[in-house]
1. P(r) tail for the chain, what percent of Cα pairs lie past 18 Å?
2. GNM, the chain, Cα, under 10 Å: largest mean-square fluctuation among 31, 17, 42?
3. Would you mind ranking 7, 2 by Cβ crowding within 10 Å, fewest neighbours first?
4. Per 0.36 nm of contour for each residue apart, how much would the distance between residue 28 and residue 54 grow if the chain were fully extended, relative to their Cα-Cα spacing?
């Protein structure tokens with residue numbers, strides 16, 4: 001089961017090409033309990049426009 005958590009995005013890399021995942025973005029942020037979390041791989045440009053997020 002996937003756990004849903006709030007995360008404050010602090011780092012978002014420039015999209016890079018990948019043979020396995022097409023295009024990916026590595027993203028990291030701080031969880032609501034203060035711990036760091038990494039979200040990878042993320043097909044950022046394939047997300048619906050309203051689901052895309054900004055850094056900060």
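What follows is calculated from the coordinates using simple rules that are stated; it is not laboratory data. Just so you know, these numbers come straight off a predicted model, no measurement behind them. Virtual Cβ from ideal backbone geometry, glycine too; neighbours counted across all protein chains shown.
1. On the way: 546 of 1540 pairs.
Cα-Cα pairs in the chain separated by more than 18 Å: 35 percent.
2. 17
3. Details: 7 17, 2 4.
In increasing order of surrounding Cβ atoms, one gets 2, 7.
4. Extra length from residue 28 to residue 54 when fully extended: 8.2 nm.
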